[in-house]
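Below is one structure, written out as structure tokens; comments come after it.
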Amino acid sequence: MNIFDIIIVGAGSAGAVLANRLSENPELSICLIEAGGKDTNPAVHVPFGLAALADMKSVNWGFTTHSEGNLNDRELFWPRGKTLGGSSSINAMCYIRGVAQNYDAWAELGLTGWSWDDVLPYFKKSEDNSRGSSELHAIGGFQSVSDLKHVNPVTKDYVASCVQNGLAESIDFNGSSQEGVGIYQVTQRNGSRCSTAKGFLSNEIKARPNLHILTKFEVKRVIVESGQATGVEVSTSNTTQCIFAKKRVILSAGAIGSPQILMQSGIGNKAHLNAVDIDVKAHLPGVGQNLQDHLDGTILFRTKQTRSYGLSLPSMFKNALEPLNYMLNKKGMFTSNIAEGGAFFKSHPDAELADIQLHFLPGLLVDHGRSIPWGHGFTIHFCNLYPKSRGEILLKKVDGQLHADIRPNYLSHEDDIKPLLAGFKWCRKISNTLPLSNSATEWKPGNEVKTDEQIIRYLRDNVESVYHPVGTCKMGRDDDEFAVVNASLNVRGISNLMVVDASVMPSIIGGNTNAPTIMIAEKASDMIKQALK
């Protein structure tokens, strides 16, 4: 069978949601196509397995950016999920929605239906929060959200030191106010990761006779005939075939994959498509443009104490039974998402919104976890939530094959270094405040980095992505030349073709992007159901 009503490309944070919701109608045949394999790798499901996922090519695309001129020509590592659940299967599980103003700003761009009041019901629809229901939270959804079952004592010291420096303690970053310091709620169920594959594609859902899931099928292009999407061309096991859609083709391949597939289909800037020898089906200059991401700095401290996660002889003895505790009870350190502590605060008093986010790790994280140093300590990540820099996704040919050319253009706007500088100083300040400072010695960059110029030099040499790329198929009004989709997420100029994922965000939200992407897919599902009536 190679003809379906709806084809969904990508089984990640958006695609798994769409497959669940659209297959609720038994009269619709749904084909969900994922380039990666099934989510059977144990490291995906054990939260502490996060430490190993960056190096696992079986579940991770492992992209590398173009050399970044403002980061001393470094090429940055961009992990993205390549398995059922997509990046929700390899992320740090922090459940953050952003703030109301983020979505009201979308509505102010003329995107009717995307204000905070419009999207809150869809956040709640997906959610099954272990704390119960309230005005802002819900139970009964497919996406489990819970408190961490295990919090390292060093993370509690971090919260206390932030409070000592005037930051209020927060019990809910998705509550009435985002500002404050606290412990993240996480996308977990009973101590295990709850990716969108686990939440929305349970065995019961997979058993629906009208839902067909194809793994290890990579979509190369959308088939466009007379201005209409009619299917996709896929490759698997060195063979190529076509799968057809009678009603919709939906791209949910993410901020890299969706614009890449559009361009490979002849939909994009005609000058760029001509340069890579692709026949133009529709001139949409915004495809691949408007790339935004949260750029992330770190400061690392070593400790003489062995309370944090780390490699040492004492910790090996102390934690010897932790794997068994997890297997039998789903308790203990293996339930930790490692990035346990969070904070949101303003880089300066005049800022309208909290523009810095922290992720606190009670362990030493180097090179995305791809190398593990000996010893104990902690790492504080700080990112600029509202960057003004804009990058792009282009196509490039390597050995005759088309690949994504990722150009984030970090720090191209001069204002973007200021929040990072403020974040660095705040992290150093709290790290030198009791109780966090107890037996702690700054390791990277070290006390020799003192002046603003030295700190900025360190940042340019060391900042990395915090893995939140968005915006490359942005929503916009018809009079916006660079809008790729309209407010209903339909691709402009091509019928029966949609994009539903983080790439449609016109501007990045203030926080982790997994929960907003799930919301977008929940809302899109309802819009599609209404359109097909």
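The values are calculated or read from the model by the stated rules, or taken from the named source; none is laboratory data. Keep in mind that what you see is a predicted model, and the values were worked out from it rather than measured. Ideal geometry is used to build each Cβ from the backbone, glycine not excepted, and the neighbour counts take in all protein chains shown. Keep in mind that these areas ignore ligands, DNA and RNA; they rest on the heavy atoms of the full protein, side chains included. Shrake-Rupley method; radii C 1.70, N 1.55, O 1.52, S 1.80 Å.
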| Can you pull out the residues in the range 492-522 that are of a type in the set (D, E, K, R) and either surrounded by 21 or more Cβ atoms within 10 Å (Cβ to Cβ) or without any contact (Cβ under 8 Å) to a residue 40 or more places away in the chain (or both)? | D501, E522
| task | Considering (1) open to solvent by less than 20 Å² (accessible area, probe 1.4 Å); (2) touching a helix residue (DSSP H, G or I) at 6+ places or on another chain (Cβ under 6 Å), say which one S265 fails and leave the rest. | result | (2)
| request: Give the range 156-171 a look and list any residue that's under 30 Å from L120 (Cα atoms), of a type outside the set (A, V, I, L, M) and open to solvent by less than 30 Å² (accessible area, probe 1.4 Å), or say none. | output: C162, S170
| request: Determine whether G132 is without any contact (Cβ under 8 Å) to a residue 24 or more places away in the chain, among the small types (G, A, S) and either open to solvent by less than 30 Å² (accessible area, probe 1.4 Å) or touching a Ser or Thr at 6+ places or on another chain (Cβ under 8 Å) (or both). | output: yes
| said: Tally up the residues in the range 90-130 that are in contact with a Phe, Trp or Tyr (Cβ under 7 Å, 6 or more places away or on another chain) and β-branched (V, I, T), please. | reply: 2
| query | For the range 404-430, what are the residues that are surrounded by fewer than 19 Cβ atoms within 10 Å (Cβ to Cβ) and hydroxyl-bearing (S, T, Y)? | reply | S412
| request: Would you please name the residue that is most open to solvent (accessible area, probe 1.4 Å), looking only at residues in the range 330-370 that are at pLDDT below 95 and not in a loop (DSSP other than H, G, I, E, B)? | output: D367
| message | Looking only at the range 391-403, count every residue that is of a type outside the set (V, I, T) and crowded, with 17+ Cβ neighbours inside 10 Å and tell me the total. | response | 5
| Residue list for the range 45-75, filter: of a type in the set (A, V, I, L, M), at pLDDT 95 or above and within 30 Å of G180 (Cβ to Cβ) | V46
| said: Among the residues of the range 268-283, what is the count of those that are touching a His at 6+ places or on another chain (Cβ under 9 Å), open to solvent by 70 Å² or more (accessible area, probe 1.4 Å) and closer than 13 Å to K397 by Cα? | reply: 0
| task | Just name the residue that is farthest from the chain's Cα centre (by Cα) out of those in the range 438-455 that are crowded, with 18+ Cβ neighbours inside 10 Å and in a loop (DSSP other than H, G, I, E, B). | result | V449
| message | Here are the criteria: (1) closer than 23 Å to A19 by Cβ; (2) open to solvent by 10 Å² or more (accessible area, probe 1.4 Å); (3) in a helix (DSSP H, G or I). Tell me which single one V119 does not satisfy. | response | (2)
| query | With Q305, Q241 as the choices, which residue is open to solvent by 10 Å² or more (accessible area, probe 1.4 Å), closer than 30 Å to A51 by Cβ and over 26 Å from the mean Cα position of the chain (by Cα)? | reply | Q305
| note | Residue set G254, G310, G266, G288; condition at pLDDT below 95 and of a type in the set (G, A, S); output residue G310
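Considering each residue of the range 456-491, count those that are in a helix (DSSP H, G or I) and surrounded by 21 or more Cβ atoms within 10 Å (Cβ to Cβ), and give that number.
The qualifying residues number 1.
What are the residues in the range 11-59 that are among the polar types (S, T, N, Q) and touching a helix residue (DSSP H, G or I) at 6+ places or on another chain (Cβ under 9 Å), if any?
S13, N20, S23, N25, N41
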| query | Quick one: is S146 small (G, A, S) and touching a residue at least 12 places away in the same chain (Cβ under 8 Å)? | reply | yes
